[in-house]
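Since the structure comes first, as structure tokens, the remarks are kept for the end.
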């Protein structure tokens, strides 16, 4: 019996009456039905803003990172169930790998970045603190906090798993419940994913809801704390963006729209170069992976006119070897489009493109397919077009066939190549194949104005390159203009994109209390016990130690030079040093740091386990021979990463603010030290 899909809203699964039939892209058979029941979107939003928000904010950034990692592991263990369902979308095993394991990989990536970069708690201090007065009693800084609303993620049909997870991960970390709305055509795979997530019990209730079918009046019910993201066609993005309620309440709207991405073969590359073959392989790969149904696929292949025939022949030869059909049949390299309607849409757009472009490969409505029942599937032959006059032809820069279709465009000179790339009016990604760094240095800054990401490919990077069409969690995914102006991925930037930034002004003491990060000038806490002797739980932000003083003399400098081999003239040559801007011999900067450590480090074993980093180091003023130094060591921030060592003892990360001053109370060095500190419990 065919499954009736259900929405997961307000903590329950809804749907028992069949509505729209959803068909297998391989053989046209019914796979599932969307449900006919209407959803109460006001209830769903309120559930997210109350139950969802409460459960999520009961956790901090570090705990949510741990939950993401646990969820990723849970899904990986059950990935074969998703692969089996994914086959109905027309995807090959490789296509499904990009979607399914690309999705879980994104969860792992965000969990790792958050564990390393985000604090404990639910507030991010985006420093530095800026003094706003002469006496440093009034200062300002920026904080990022959860918005207190719900994120609505509207996704396209091409990546039913990754599309949801790549948006959910940073939203979840940001402390924002979300409602996912997949495209109906392949929503049966997203529904299976969300069922797994629900069954895992890993997420707080209300953290993730799912809508199958229409969004109805959902956007009309959003308020100022909510966010909307969209992935899909530029036309649909334009309609959603101007929803009256979204406009009236200035609701953030992030769009990643399909764009006419390009790949440029630079004119320094010849048919005998490795980069020439890399270009051909990249174009063919982007035409055939996911049957070309990628918002990042290469739609415009821009090549030197002198090499046009050679490029065309090599691409044709590779396309001729691509076996199309049922992905379950061994040897099949390309599957179907997601639906019959998508098949019709691609055919219609190819016909439009052919009015100003000639057919190089493809165009056979009865091309050879492999597998049983595939005549009823949504297959489309890989199609390579050629426009001889791309500078004077608008359609090839305006019409996108969202399938295995690309158009060759010859150019004369790199200036024309860059002009053709710009005709796309904004793209998610562009590729440049060149063997000459000087060419890349000339072209990339020009292309960057119109592209969200630029992929420079040569023989050196080819072995590790993830490819033109593969966005990565650590880098921005989005582009200007036609590409929607969005920024969906991009490391921790994607998390902060879902949060509210606010400037905060006040005394350093107040800013320290608000940000949970010591600001210089704030009142310090001196307990009489060395801070290095206190366990992680015992330490307070602002807990401080003022050390004794130490004179740095001639013997110290000589011994340090002998030990390290650093015999720089400023430390040893009186005449040269006097002629310098400093007018005297000075101590090594790293000698100052070493002597500073000698002033504040505790020799005997204690809670401080290791020093694993030093940040924001600045040598502010030179230390002359005979000068003395003193150190103010202050607990700046604490991060509980909920980790234990091999013996089961808990530990956290403590950042210490270090101020090194001279005998005149002038700052000579400033930095942060990062340490692992044991927990008492």
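The values are calculated or read from the model by the stated rules, or taken from the named source; none is laboratory data. Here the structure is a predicted model, which is why all the values come from computation and not from measurement. Here the Cβ positions follow ideal geometry from the backbone for every residue, glycine too, while neighbour counts run over all protein chains shown.
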Original post:
In segment 656-678, how many residues are touching a helix residue (DSSP H, G or I) at 6+ places or on another chain (Cβ under 7 Å) and not in a strand (DSSP E or B)?
Top reply: 0
Subject >> Filter result for the condition that a residue is surrounded by 17 or more Cβ atoms within 10 Å (Cβ to Cβ) and more than 26 Å from residue 370 (Cβ to Cβ), over 305, 300, 349 >> reply: 300
Subject >> Condition check for residue 653: out of contact with any helix residue (DSSP H, G or I) (no Cβ under 7 Å at 6 or more places or on another chain), assigned to a strand (DSSP E or B), without any contact (Cβ under 8 Å) to a residue 40 or more places away in the chain and surrounded by 18 or more Cβ atoms within 10 Å (Cβ to Cβ) >> reply: yes
**OP:** Could you list all residues from segment 482-505 that are on the phi > 0 side of the Ramachandran plot and either in contact (Cβ under 8 Å) with a residue 60 or more places away in the chain or in contact with a strand residue (DSSP E or B) (Cβ under 8 Å, 6 or more places away or on another chain) (or both)?
**Re:** 484, 485, 491
Subject >> Hits in segment 7-63 (condition: surrounded by fewer than 16 Cβ atoms within 10 Å (Cβ to Cβ), part of a strand (DSSP E or B) and in contact with a strand residue (DSSP E or B) (Cβ under 9 Å, 6 or more places away or on another chain)) >> reply: 21, 30
Original post:
Any chance segment 317-332 includes a residue that's loosely packed, with under 15 Cβ neighbours inside 10 Å and over 17 Å from residue 94 (Cβ atoms)?
Top reply: yes
Original post:
Picking from 488, 543, which residue would you name as being outside the structural domain of residue 296 (by TED's automatic domain parsing), at pLDDT below 95 and within 39 Å of the chain's Cα centre (by Cα)?
Top reply: 488
Original post:
For segment 504-522, which residues satisfy the criterion of being under 30 Å from residue 111 (Cβ atoms) and either surrounded by fewer than 21 Cβ atoms within 10 Å (Cβ to Cβ) or assigned by TED's automatic domain parsing to the domain that holds residue 671 (or both)?
Top reply: 504, 513, 514, 516
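Only one residue in 584, 621, 636 is in contact with a strand residue (DSSP E or B) (Cβ under 6 Å, 6 or more places away or on another chain), outside the structural domain of residue 60 (by TED's automatic domain parsing) and within 30 Å of residue 60 (Cβ to Cβ). Which one?
636 is the lone residue from the list that is in contact with a strand residue (DSSP E or B) (Cβ under 6 Å, 6 or more places away or on another chain), outside the structural domain of residue 60 (by TED's automatic domain parsing) and within 30 Å of residue 60 (Cβ to Cβ).
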Original post:
Is at least one residue of segment 238-252 surrounded by 22 or more Cβ atoms within 10 Å (Cβ to Cβ) and either closer than 21 Å to residue 465 by Cβ or not assigned by TED's automatic domain parsing to the domain that holds residue 339 (or both)?
Top reply: no
Original post:
In segment 96-165, which strands (runs of 3 or more DSSP E) lie fully inside it and hold 2 or more residues that are surrounded by fewer than 21 Cβ atoms within 10 Å (Cβ to Cβ)?
Top reply: 124-131, 139-146
Subject >> Subset of segment 613-634 [modelled with pLDDT of 95 or more, more than 30 Å from residue 573 (Cβ to Cβ) and out of contact with any helix residue (DSSP H, G or I) (no Cβ under 6 Å at 6 or more places or on another chain)] >> reply: 632, 634
**OP:** Might you check whether a residue that is out of contact with any strand residue (DSSP E or B) (no Cβ under 8 Å at 6 or more places or on another chain), part of a loop (DSSP other than H, G, I, E, B) and surrounded by fewer than 23 Cβ atoms within 10 Å (Cβ to Cβ) occurs anywhere in segment 179-187?
**Re:** no
Subject >> Those strands (runs of 3 or more DSSP E) lying entirely in segment 215-326 with at least 1 residues within 25 Å of residue 395 (Cβ to Cβ) and at pLDDT 95 or above >> reply: 261-265, 298-304
**OP:** Counting only residues that are touching a residue at least 60 places away in the same chain (Cβ under 8 Å) and surrounded by fewer than 19 Cβ atoms within 10 Å (Cβ to Cβ), give me the helices (runs of 4 or more DSSP H) lying completely in segment 529-626 with at least 1 of them.
**Re:** 554-564, 589-600
**OP:** Given the conditions (1) in contact with a strand residue (DSSP E or B) (Cβ under 6 Å, 6 or more places away or on another chain); (2) part of a helix (DSSP H, G or I); (3) at pLDDT 95 or above, report the number of the one that residue 212 does not fulfil.
**Re:** (2)
Subject >> Entirely in segment 381-451, the helices (runs of 4 or more DSSP H) that have 2 or more residues that are under 18 Å from residue 275 (Cβ atoms) >> reply: 414-422, 437-447
Subject >> Lone unmet requirement of (1) on the phi < 0 side of the Ramachandran plot; (2) touching a strand residue (DSSP E or B) at 6+ places or on another chain (Cβ under 6 Å) for residue 175 >> reply: (1)
Subject >> Output for segment 30-45, where each listed residue is over 30 Å from residue 119 (Cβ atoms) and in contact with a helix residue (DSSP H, G or I) (Cβ under 8 Å, 6 or more places away or on another chain) >> reply: 31, 32, 34, 41, 42
Original post:
Among (1) over 20 Å from residue 329 (Cα atoms); (2) at pLDDT 95 or above; (3) touching a helix residue (DSSP H, G or I) at 6+ places or on another chain (Cβ under 7 Å), which single condition is residue 48 missing?
Top reply: (3)
